[in-house]
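Scroll down for the structure; my scribbles are underneath it.
The values are calculated or read from the model by the stated rules, or taken from the named source; none is laboratory data. Note that the coordinates shown come from a computational prediction; the quantities given were computed from them, not determined experimentally. A quick note on method: Cβ atoms are made from the backbone with ideal geometry, for glycine too, and the neighbour counts reach across all protein chains shown. With ligands, DNA and RNA removed, areas are computed over all heavy atoms of the protein, side chains included. Shrake-Rupley method; radii C 1.70, N 1.55, O 1.52, S 1.80 Å.
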Amino acid sequence: YRDIAVITGDLEIYGPYVETEFSQMEIPCFLDRTRGIILNPMVEYIKSALELYLKDFSYESVFHYLRSGLADMEPAEVDVLENYVIETGIRGYRSYSRLFTRKTKGMGEDGEKLNRLNELRERFLSQIEMLHMESKEPVCHYVDKLYDFLMQAEVQSKLAAYEAEFERLGELSRAREYAQIYRLIMELLEQVYELLGEETITLQEFADILEAGFGEIQVGTIPQNVD
């Protein structure tokens, strides 16, 4: 197979089809390309977590985070919480930090559904509370807290699970992306720490720096073997 090449005028369009079809026919192939990471779940997870505090727990920021793919909440649980938030109009950190007491239509009088909603609220807050920071902090503080946040969420093991699933489905380029993404983002955080560690900036400025860094990261792969 190493003596055969497939050349296409548009790798972005045809690459996924080639990879899928070759995998089904058990023909090994390597796509010689790099790809950006902007839409990777880890990137979305970080951006949406910071966005919670930048937008004071707006409806959009809360459910962007909970549906990022790495938050510790099942889709059905997110649906339950979202329906309640829509019905009650809950917005802002202050509202989420207080006990939910308002009953909605169909809840009944036993309080079981309200207790369940408060369990979800507490789980959500316990995940992101450590990112509650001052309006201005040294960059090193932002990086340290974000690192602790990623450790607490066990992001590395979650990405490994994604990688294994993509391998099972034969989507090898996606699997290789997930194999590299954690290391690349950790390297970005280290670079930001080393270059700007003692500089005091706003959370928005920190988020903008990370956004620019994410945009520059390209994931490349090499063939897994000679053939």
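Helices in the chain, meaning DSSP H runs of at least 4 residues, each add -39500 (n - 2.57). Divided by all residues, the mean residue ellipticity at 222 nm is -19500 deg cm²/dmol. Here Y147 and R67 are evaluated by their C-beta separation; at R0 = 35 Å the FRET efficiency comes out at 0.90. Charge dipole of the range 1-104 (Cα centre as origin; +1 on each Lys and Arg Cβ, -1 on each Asp and Glu Cβ, all else neutral): 760 debye, rounded to the nearest 20. About its Cα centre, the dipole of the range 129-210 is roughly 360 debye, where the only charges are +1 on Lys and Arg Cβ and -1 on Asp and Glu Cβ. Positive-end ranking of Q127, S58, T20 along the dipole of the chain, with charges on Cβ about the Cα centre, is headed by S58.
Largest accessible area first, the residues K136, K47 order themselves as K136, K47 under a 1.4 Å probe with ligands, DNA and RNA left out. Result for the chain in a Gaussian network model with C-alpha springs under 10 Å: among L52, L131, L169, the largest mean-square fluctuation is at L169. Solvent-accessible area of D56, all protein chains in place: 90 Å² (probe radius 1.4 Å, heavy atoms, ligands and nucleic acids excluded). Put simply, the convex hull of the Cα atoms in the range 24-140 casts, on average, a shadow of 11.7 nm². If Lys and Arg each add +1 and Asp and Glu each add -1, what is the summed charge of the other residues whose beta carbon sits under 11 Å from the beta carbon of E199? Charge balance near E199 sits at -2. Given R₀ = 35 Å, what would the calculated FRET efficiency be for T101 paired with R183, taking r from the Cβ atoms and rounding to 0.05? My answer for the efficiency is 0.20.
Across C140, C29, the residue with the most accessible area heads the list, and the full order at a 1.4 Å probe is C29, C140. Each residue, E26 and Q191, gets one label point 7 Å from its Cα in the Cβ direction; the gap between the two is 4.2 nm.
Considered as an equivalent ellipsoid built on the Cα gyration tensor, the chain has semi-axes of 38, 25, 13 Å, the largest given first.
Given springs between every Cα pair under 10 Å in a Gaussian network model of the chain, which of M133, M73, M107 has the largest fluctuation? Highest fluctuation among the options: M107. Find how many whole Å separate the alpha carbon centroid of the range 176-212 from the alpha carbon centroid of the range 56-132. Taking the Cα centre of the range 176-212 as reference, the centre of the range 56-132 is 29 Å away. Normalised by residue number, the volume inside the convex hull of the Cα atoms of the range 1-81 is 147 Å³ per residue. Structural size metrics of the range 141-205, computed from C-alpha coordinates, are Rg and Dmax of 14.8, 46 Å. Considering only F100, G111, T200, the residue lying farthest towards the positive end of the dipole of the chain is G111, judged by Cα position with unit charges set on Cβ.
Accessible-area rank, largest first, for T20, T104: T20, T104, with all protein chains present and a 1.4 angstrom probe. With r defined as the distance between the Cβ atoms of K136 and D79 and R0 fixed at 41 Å, what FRET efficiency is calculated, to the nearest 0.05? Here the calculated transfer efficiency is 0.65. Measuring gaps between exposed loop sites in the chain (GluC sites (Glu not before Pro); DSSP loop; at most 14 other Cβ atoms within 10 Å), the longest gap, sites not included, is 27-108.
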